[in-house]
1. I need the P(r) histogram for the range 11-109: all alpha carbon pairs, bin width 10 Å from 0 out to the longest distance, whole percents.
2. Apply the Kirkwood formula to the range 70-225: the hydrodynamic radius equals the inverse of the mean of 1/r over all pairs of different alpha-carbon atoms; give it in Å with one decimal.
3. Once you sort the root eigenvalues of the Cα gyration tensor of the range 300-390 as a ≥ b ≥ c, which label holds: rounded (a/c under 1.5), prolate (a/b larger than b/c) or oblate (the other case)?
4. Between Thr208, Thr95, Thr347, which gets the highest mean-square fluctuation from a Gaussian network model of the chain, Cα cutoff 10 Å?
5. Please order Phe198, Phe205 by the number of other Cβ within 10 Å, starting at the fewest.
6. Based on Cβ point charges of +1 for Lys and Arg and -1 for Asp and Glu, what charge dipole magnitude is obtained for the chain about its Cα centre, in debye rounded to the nearest 20?
7. Between Ile193, Ile268, Ile318, find the one with the highest GNM mean-square fluctuation for the chain; connect C-alpha pairs within less than 10 Å.
8. Taking K and R as +1 and D and E as -1, what net charge do the other residues with C-beta under 13 Å from the C-beta of Arg329 add up to?
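Read-outs throughout are calculated quantities, based only on the coordinates presented, and are distinct from any laboratory measurement. None of the values given here were measured: they were computed from a predicted structure. In this analysis, Cβ positions are derived from the backbone assuming ideal geometry, glycine residues included, and neighbour counts consider all displayed protein chains.
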Amino acid sequence: MLARIRWLTVNVVFVEPNFPRNQREYPRALAAVGATVMAVGETPWEWLDEELQSWITHYYQVGSVTDVDQLRQAVQHFQSIGWVDRLEATIEAHTLPAAIVREECGIPGTSVRTTWLCRDKPAMKEALRSAGVPTAASAAVGSLEQLRAFTDEHGFPIILKPRDGAGASGTMRLDSEDQLAAALASYTGVESIAVEEFVEGHEGFYDTVSVDGGIALDFACHYYPGVLEAMRTRWISPQYISTNRVDSAGFYGELRELGERVNEVLGIQTSATHMEYFNGPKGLRFSEIGARPPGVGCWDLYAVGNEMDIYRAWADAIVHGQVWHRPSRAYAAGIIALRPDRDGRITHIDGIDEIQHRYAEWVIDAHLPVGAPTQPVEAGYMANAWIRLRHPDYDVLRGMLDDVGRTVQVHAE
């Protein structure tokens with residue numbers, strides 16, 4: 001794989017094409033829109049399947065894609081054999097190393113400043129508050145005294161989380177002062193963490209694909225219940241649902257305005273984004289954002305619900321600076337996570353035949369890992385069993401997913 005890259009194509013370096021599973025969709029889409037795909041990953045080339053190999057023209061293996069020196073070496077190797085137009089990363093932990101190497105190697109794309117603001121939660125919120133974006137009070141704290149000073153000013157409950165975490169990983173809610181010391185000590189080896197006031201309200205997320213600072217595609221989802229509760233409570237079968245009503249006025253118009261303003265303040269240019277929000281007694285409030293697509297298979301729901309190849313739409317944005325796809329908004333689409341009744345090994349799953357009989361035409365896909373060891377509840381929506389469905393009516397789909405949660409029981413021993 002030492003031949004020089006053709007100069008007439010757009011040459012894109014993509015970070016980690018093999019894991020998790022849906023990462024392969026990005027090089028597939030890039031190749032489909034005419035890019036020459038150069039990939040850097042941690043898996044040996046010969047371990048990649050033939051289909052994935054067919055989309056990648058040049059490959060460079062490293063020990064860790066989050067190591068800036070190793071990633072830089074890979075990119076400089078590609079630059080030695082041809083021009084590199086773009087360097088793209090779609091996993092949260094990969095975005096900052098990619099931005100650093102992007103700037104050092106003179107490659108256009110999301111800046112280090114923008115990426116850092118989308119990773120560091122206290123800095124993110126401070127930048128947005130300064131621009132008038134409604135968000136929870138927050139701070140970076142590194143001592144019990146600083147934490148107490150925050151609670152003295154803002155009261156309880158509060159939320160603690162890693163400054164650069166993704167999702168609910170490492171996040172906890174504290175309701176009283178006697179919890180502070182133990183909670184702070186649980187973040188071992190960390191100089192400072194993010195503390196925020198607890199914002200009451202419904203939780204959801206708003207995702208975009210932007211081109212040159214303008215939103216070209218957008219989607220909205222709702223959590224039932226909120227993420228923190230969902231990732232801490234075994235008996236709950238949590239859901240998130242992508243709505244097909246995002247083009248309607250009212251709340252979704254306000255949400256779009258918030259998303260546009262956040263992207264503008266943080267300097268998003270051509271990138272996917274994933275923005276979390278709360279809507280409650282204090283109105284619509286920004287929570288956090290990542291300069292990357294959402295995880296846990298969410299883009300697959302967007303694709304099904306909108307009858308489009310969203311990965312190819314993203315690739316058009318990266319390669320051609322334009323998005324031609326238009327979402328149909330034909331279906332709402334959602335996932336329900338089905339938790340085992342205990343830790344161990346999944347022995348059987350009850351209720352699947354009933355659900356198949358009732359909703360067969362609306363089932364997108366399912367994961368029913370009988371015989372597999374269980375994963376922790378906090379591992380997320382796709383850690384154990386799950387089912388994904390779609391329906392033209394959002395409210396009907398909510399009822400269907402609730403019915404699945406009541407009917408399907410996952411047993412372990």
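1. With 10 Å bins starting at 0, P(r) equals 17, 56, 26, 1.
2. This gives a value of 18.0 Å.
3. Judged from the Cα gyration tensor, the range 300-390 comes out oblate (a/c at least 1.5, b/c at or above a/b).
4. Ranking Thr208, Thr95, Thr347 by mean-square fluctuation puts Thr347 first.
5. Phe198, Phe205
6. 560
7. Ile193
8. Around Arg329, the charge tally is -1.
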